[in-house]
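**Q** Please find one structure pasted underneath; my questions will follow.
The values are calculated or read from the model by the stated rules, or taken from the named source; none is laboratory data. For clarity, every value in this text was computed on a predicted model and none was experimentally measured. Here the Cβ positions follow ideal geometry from the backbone for every residue, glycine too, while neighbour counts run over all protein chains shown. Side chains included, ligands, DNA and RNA excluded: accessible areas come from the protein's heavy atoms. Shrake-Rupley method; radii C 1.70, N 1.55, O 1.52, S 1.80 Å.
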Amino acid sequence: MTTTAIPPVTPVIAPIPPVLAEVVRSGFVEGHHRGSLVLLAPDGSVELALGDPAAPVFPRSTAKPFQAAAVLRAGLDLAGERLALAAASHSGETFHLDLVRAMLAEFDIALDELRTPPDLPLDPAEAERYLAAGRVRDKLTMNCSGKHAAMLAVCARNGWDRASYLDPAHPLQRLISTEVEEAAGERIAAVGTDGCGAPLMAISLTGLARSFRSLVVAEPGTPGRRVADAMRAHPEYVAGTRRPDTWLMRAIPGALSKMGAEAVQAVALADGRALAFKIDDGAGRALGPVLARALELMGLRDEVMDRIGRVPLLGGGAEVGAVRAAF
């Protein structure tokens, strides 16, 4: 009997992403957070690339400005705080929830039509107060409820089916896909489902940075620029009173900032500079230090960066270390 030799399999070893942040306790480095990052110059060219920013990632909630721009493009006339809330991962503070309720009432949408999963407020302090008041997880309280209210509102305006508004084949979701691809300057690599149930389109970090740049350099009055202007004018509605995105947009004139789950962050500055990064293990505690260091490499100097970048580690209730940038 003849046997055929099986050729050896050469393993494909993916490159290990660089360390973007390290965890230092009592002077000892006890952990690392790896990831990829890209910085763009004012003309949109790549100024710095760490790791593999060309690889596709799910942008998570950093995609919300483009979802809001698609809602405008579909004919919904939103502005001011309402438009900012349509692009928000809100903290669940009272003013957020009141405005979502108002938006639902304005477009005659029932709370039950929201397809957001019941959740607690995103902000830990708000969640504690919410639970202390004897409340339970709710669709309205979920941080994406403003986005979903806007999606339902444009469906009501256009006579589109409201029950299927999260189906990737729905006219609104097809419009969002086009918006994402045009802003990123690349094709969508994969489609998944976000935590709120909405379709999620994978693009590269470089494409994400280009997308945010496109919002701030767009002509005034265009859908993307309207979203950027609303977010920058009302950052508390985009995030909350105790959130780094709000602090940054309040402190740096013209800055546009949005975080996403699984430790994704994108920022664009008024002159067209932009950044995007993702921490591979999804650790949100690394976002602030990495963001502050990236802004420093872009030439920014402001005390808000110290506030954003400070992530202390505690031992016995006392500060004994920190998560810090490592690039």
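**Q** What single numbered condition from (1) touching a strand residue (DSSP E or B) at 6+ places or on another chain (Cβ under 6 Å); (2) in contact (Cβ under 8 Å) with a residue 40 or more places away in the chain; (3) closer than 25 Å to Gly27 by Cβ fails to hold for Leu256?
**A** (3)
**Q** Looking only at region 125-141, which residues are closer than 21 Å to Ala86 by Cα, among the aliphatic types (A, V, I, L, M) and open to solvent by 50 Å² or more (accessible area, probe 1.4 Å)?
**A** Passing the criteria: none in range.
**Q** Residues of region 112-124 being surrounded by 13 or more Cβ atoms within 10 Å (Cβ to Cβ) and not in a loop (DSSP other than H, G, I, E, B), which ones?
**A** Glu113, Asp119
**Q** A further question follows. Might you let me know whether region 55-63 holds any residue that is in contact with a Gly (Cβ under 9 Å, 6 or more places away or on another chain) and more than 16 Å from Ala263 (Cα to Cα)?
**A** No, that holds for no residue.
**Q** Moving on to the next point. Scanning region 283-300 for residues that are touching a helix residue (DSSP H, G or I) at 6+ places or on another chain (Cβ under 9 Å) and open to solvent by 30 Å² or more (accessible area, probe 1.4 Å), which turns out farthest from Val57 (Cα to Cα)?
**A** Once the filter is applied, the top-ranked residue is Glu296.
**Q** Met103 - would you say it is more than 21 Å from the chain's Cα centre (by Cα), of a type outside the set (S, T, N, Q) and buried (at least 20 other Cβ atoms within 10 Å of the Cβ)?
**A** On the way: more than 21 Å from the chain's Cα centre (by Cα): yes; of a type outside the set (S, T, N, Q): yes; buried (at least 20 other Cβ atoms within 10 Å of the Cβ): yes.
Yes.
**Q** Report, by residue number, each residue of region 203-225 that is surrounded by fewer than 21 Cβ atoms within 10 Å (Cβ to Cβ) and farther than 21 Å from Leu295 by Cα.
**A** Ala218, Glu219, Pro220, Gly221, Thr222, Pro223, Arg225
**Q** Here are some residues: Gly92, Gly75. Which one is surrounded by fewer than 21 Cβ atoms within 10 Å (Cβ to Cβ), in contact with a helix residue (DSSP H, G or I) (Cβ under 7 Å, 6 or more places away or on another chain) and at positive phi?
**A** So the residue among Gly92, Gly75 that is surrounded by fewer than 21 Cβ atoms within 10 Å (Cβ to Cβ), in contact with a helix residue (DSSP H, G or I) (Cβ under 7 Å, 6 or more places away or on another chain) and at positive phi is Gly75.
**Q** Please report, ordered by residue number, the strands (runs of 3 or more DSSP E) entirely within region 265-327 with at least 1 residues that are farther than 25 Å from Ala88 by Cβ.
**A** Filter on region 265-327 gives 311-315, 318-325.
**Q** Still on this structure, I have one more. Select from region 253-264 the residues that are of a type in the set (Gly, Ala, Ser) and in a loop (DSSP other than H, G, I, E, B) and write down the one among them that is surrounded by the fewest Cβ atoms within 10 Å (Cβ to Cβ).
**A** Ranking the qualifying residues of region 253-264, first place goes to Gly254.
**Q** Taking only region 155-173 into account, find how many residues are loosely packed, with under 14 Cβ neighbours inside 10 Å and closer than 15 Å to Ala74 by Cβ.
**A** 3
**Q** Just the residues that are under 17 Å from the mean Cα position of the chain (by Cα), assigned to a helix (DSSP H, G or I) and of a type in the set (A, V, I, L, M), please, taken from region 167-217.
**A** Ile176, Val180, Ala183, Ala184, Leu205, Leu208, Ala209, Leu215, Val216
**Q** Just to be sure before I move on: is Gly197 surrounded by 14 or more Cβ atoms within 10 Å (Cβ to Cβ) and in contact (Cβ under 8 Å) with a residue 40 or more places away in the chain in the structure I sent?
**A** Working: surrounded by 14 or more Cβ atoms within 10 Å (Cβ to Cβ): yes; in contact (Cβ under 8 Å) with a residue 40 or more places away in the chain: yes.
Taking the combined requirement at face value, the residue satisfies it.
**Q** Let me ask another. Spot the failing condition for Ala70; the list is (1) open to solvent by 10 Å² or more (accessible area, probe 1.4 Å); (2) in contact with a helix residue (DSSP H, G or I) (Cβ under 7 Å, 6 or more places away or on another chain), and only one is missed.
**A** Going through the list (1) open to solvent by 10 Å² or more (accessible area, probe 1.4 Å); (2) in contact with a helix residue (DSSP H, G or I) (Cβ under 7 Å, 6 or more places away or on another chain), Ala70 breaks only (1).
**Q** Another question, then. For the list (1) out of contact with any Pro (no Cβ under 9 Å at 6 or more places or on another chain); (2) part of a helix (DSSP H, G or I); (3) without any contact (Cβ under 8 Å) to a residue 40 or more places away in the chain, I need the number of the one condition that Pro220 fails.
**A** It is condition (2) that Pro220 fails.
**Q** If we keep just the residues of region 266-282 that are under 17 Å from Pro17 (Cβ atoms) and touching a Gly at 6+ places or on another chain (Cβ under 9 Å), which is surrounded by the fewest Cβ atoms within 10 Å (Cβ to Cβ)? First the steps, then the outcome.
**A** Filtering region 266-282 for residues under 17 Å from Pro17 (Cβ atoms) gives 275-282.
Pick out the ones that are also touching a Gly at 6+ places or on another chain (Cβ under 9 Å) and you get 276-281.
Values: Ala276: 31, Phe277: 27, Lys278: 29, Ile279: 23, Asp280: 18, Asp281: 14.
Restricting to residues being under 17 Å from Pro17 (Cβ atoms) and touching a Gly at 6+ places or on another chain (Cβ under 9 Å), the top hit is Asp281.
**Q** Can you name every residue in region 223-240 that is under 17 Å from the mean Cα position of the chain (by Cα) and touching a residue at least 60 places away in the same chain (Cβ under 8 Å)?
**A** Result: Gly224, Val227, Ala228, Ala230, Met231, His234, Pro235, Glu236, Tyr237, Val238, Ala239, Gly240.
**Q** Could you tell me which of the residues Val136, Val191 is out of contact with any Phe, Trp or Tyr (no Cβ under 8 Å at 6 or more places or on another chain), of a type outside the set (S, T, N, Q) and farther than 30 Å from Glu93 by Cβ?
**A** Val191
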